[in-house]
1. Just how large is the dipole of the stretch 423-519 about the Cα centre, in debye to the nearest 20, putting +1 at every Lys and Arg Cβ and -1 at every Asp and Glu Cβ?
2. Once all Cα-Cα distances of the stretch 555-660 are split into 5 Å bins that start at 0, what whole-number percent is in each one?
3. If R₀ is 41 angstrom, what is the calculated FRET efficiency for the pair Asp178 and Asn425, using the beta carbon separation as r and rounding to 0.05?
4. Quick one: accessible area per residue over the stretch 668-772, 1.4 Å probe, rounded to a whole number of Å²?
5. Grab the beta carbon distance between Arg555 and Val195, set R0 = 41 Å, and tell me the FRET efficiency rounded to 0.05.
6. If you place +1 on the Cβ of every Lys and Arg, -1 on the Cβ of every Asp and Glu, and leave all else neutral, what size is the dipole of the stretch 395-440 about its Cα centre, to the nearest 20 Debye?
7. Using a 1.4 angstrom probe and counting only protein chains, how large is the accessible area of Glu803 in Å², to 10?
8. Arg450 accessible area, nearest 10 Å², 1.4 Å probe?
Amino acid sequence: TQGRLHISPPLFAAREHRARGLANRHPGRVFAGLAPERSLPRPAASLARPASRKSTLLCGRAAMTVLLVLVACVVSVLGAPPQDEECLPADAVVRSTRFPGAPLEPACVRRVRFTDHPGAVGRVTGFQSEPGGADLNITAGDAVVRLTVVADGILRIRLAPQGKFSDPTDGEIVELPDLPVQGTFSQDALHFEFVAGGMLVKGSISPLLLSLWRSDGTQVWQELEPMAWNETSTWQTLSSAATERVYGCGMQNGYFDHTGRDVSISEGGGWDAGGRANPVPFFMSSTGYGMLRNTFSPGRYMFRQHRMLIHDDHGLDAFYFVASDMKAVLGLYTSITGGPVLPPIWGLWLGDSDCYNNQRHNFSTSYALEIARNYSVHDMPRGWMLVNDGYGCGYTSREELQRTEDGMAANGLRMGLWTSTGLANASWEIGSAGSRAIKTDVAWVGSGYRFGLQAVKLAANLMQNNSNSRPYTWTVCGWAGTHKYAVVWTGDNTGGWEFIRMQIPTVIGSGLSALAHASGDVDGIFGGSPETYVRDLQWKTFLTASMTMSGWAPRDKQPWTFGEPYTSYNRQALRLKARLTPYLYTLSYEAHVTGVPPVRAVPLEFPNEPWVGVNTSFSFMYQFMSGPFFLVAPVFRNESMRSGIALPAGEWIDYSSGERLEGPKVVDDYPAPLDLLPVFVRAGAIVPMWPLMDFVGQRPVDELTLDIFPSSAAAGGSQFTLREDDGLTRDYASGQVASQTFTVIVSLAGRVSLEIGGSIGAYQGKPSGRSYILQVHAASPATAVRLAGAPSPLPRRSCEALEATAFAQGWATGCGTAGRHGSLVYIKTGHISADSSASVDIELADGGLPSHALESSLPADDDARSFASLVV
């Protein structure tokens, strides 16, 4: 009933390998509703039958007014509202939910009936607005439409068919400002206007049709028919622009661009492409506006020639966000729904999960320590482990769980727990056993909607009430507001090339609904192969969330399982991920404050790029920006070449070879052997990197590398502001955060100048100072390096001398394995106090810089071609 649907558990498909996996993990156990040797049916593509294009529901009622007949005819063109009952096609196989003991999904879904009197908003019969008032109430017979400008750029539209308003979510999704914006109302015989918050709402009197405008006179949208309702649903129909693209709708597996699609805003559909692991009733337009339906009821959005927005509510409560671009829309959306969760810094590193209290592991939770030690043996960076991830698993005893946590800490890991039944023991598990991560699985949160949101909020509150740690929760079946509390993942997938292909647009699209931290199990939980494991882990290096899950496939899913050379390839990826921690953490902090996700769709980061001659429907689905600097193009086929990589305008540097390319350009036939992920760096990039370590806290961060990619042409300054805090507690919420800005300027005189700003702000454990290693990927060789204030240039030294001495000053070229970096300039500044600034000038050869793109002469060995940084 949370979703107004007469269904039992969520609409997820079980697979034969799931049943077999259960038997493998828990030998001898019997799971109700799942026969290990029975082949379970594949899910149908969609639960909902395509809606009829003929509106018999409205047009067939003789007692309706002429207005409603006209409305019905418009509906027959634009798309019919949902019927009382939607069924699978007659030849479809009834699906089973994916967890043990769950009943079969119903073949038909029946909606709750709210009324026996369908209708639509008709002629305006009255207005109610105090002078300078914040609300405008518009009466149309029994129905009332209320307009409220919540804040600048945020318009709330509510419809009460019977004239009585209520909050359909009881304030659980939206937190409103104390005072709305005061508006100005005017009317004549045929029209009215309501102006506030940089927006203008225009309306016609007969019938009531609204249109939304910006203050500069450009139209955002107009209603093509009056808001209407039937026995089970309420909908709004809007115009669209010819070139408009539509994004959002939460985690829609396999998709991120919904232009021309009908999108189900409901939990279910399986875990593969087309499934809705974490739907969100929010969409965003490339024209710079978005909409949130404030509801816990499922819906359906038709993004075809026009926009038809349907939810199973009797009434409507919609927030519209109007801004300059999509990043600003996300800022407005999260200003009332909350910023995305800021993970603990170890949560950015690889997680590991399995059940250990079973026959396979001698019914011993502490067996997990063998896996923890193997991460050390194989020299694999790691972050955290779930030690009871499996239905019916639990942990051996409280004493054993405490011993396990002690051993985890000794191996640099945080311990977490999985749940399919609730959090009844979480206070003890967090407060006494030291659990610091929670995974809420579908058997508990599967009903989604209101319950799914309340579950992750409960998990967050329990972590806050029983420790000083910040919450870290992974979940499925999320909804609007889930982003405030949890990481979301794609569900139980089968490792393989199709899995990688499906996940790339899934993760990209999740961020466009403020689900800023989204991922899927590395190489799935079923199936998989050495090659797909490597490829999947590679691109997830540039995500803020990644986890492996063992026990369901023939082989476990740790990164050393397949042996060499795959173990080395996976170590390489994890080392880069570890070194990128300050960059990824800064992106996470920015997401928390602004709503802009770390993984950014290309049109989000480059909204004004014309893309002439580019197959954007392909390129944009399978590449993304990791923050402002890295363009990542995952390899999702069993191939050693990658094509269709679209580089935006400007200069780009191949991260593996150092080659400089000028965009806009489509890169085809890019050589991508298994150990190489195609990554391109935006010229001007300044990437902060930690020293290499195997876990957070292994060594102090008193040395910071800045990986710098200056333009080959004279250019204005580029900047990156690093955000740092203790990474563990909630002290950041009270302002215990430090900011440090780095600036690079390339001049016509043949000089690259770096300004290292002082660190502003304080937090527990902040270093009093640090040394800096500058890796400057210059287009020309360096001739001299000067540190501002020093009496003479820094001495040129050998690479060995610089690397052997802590805090030594000097510079060198050709450092790294086999001197692979060529014209890379390697500089050590020596110790600089935290609150001090410093400037470094690098003189380049030839007395100047070319104005065109250059090819670097950097040689490449295996390590360099993989990640082109001093990872090892």
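1. The dipole of the stretch 423-519 has a size of about 280 debye.
2. 2, 10, 15, 19, 19, 17, 11, 5, 2, 0
3. After rounding, the FRET efficiency stands at 0.60.
4. 35
5. Given R0 = 41 Å and the Cβ-Cβ separation, E is 0.05.
6. For this selection, approximately 160 debye.
7. 100
8. 40
The values are calculated or read from the model by the stated rules, or taken from the named source; none is laboratory data. Owing to the predicted nature of the structure, the values given are computational and were not obtained by experimental measurement. Note: ideal-geometry Cβ built from the backbone for every residue, glycine included; neighbour counts use all protein chains shown. Ligands, DNA and RNA are stripped out before the accessible areas are found, and what is left, the full protein with its side chains, is counted by its heavy atoms. Shrake-Rupley method; radii C 1.70, N 1.55, O 1.52, S 1.80 Å.
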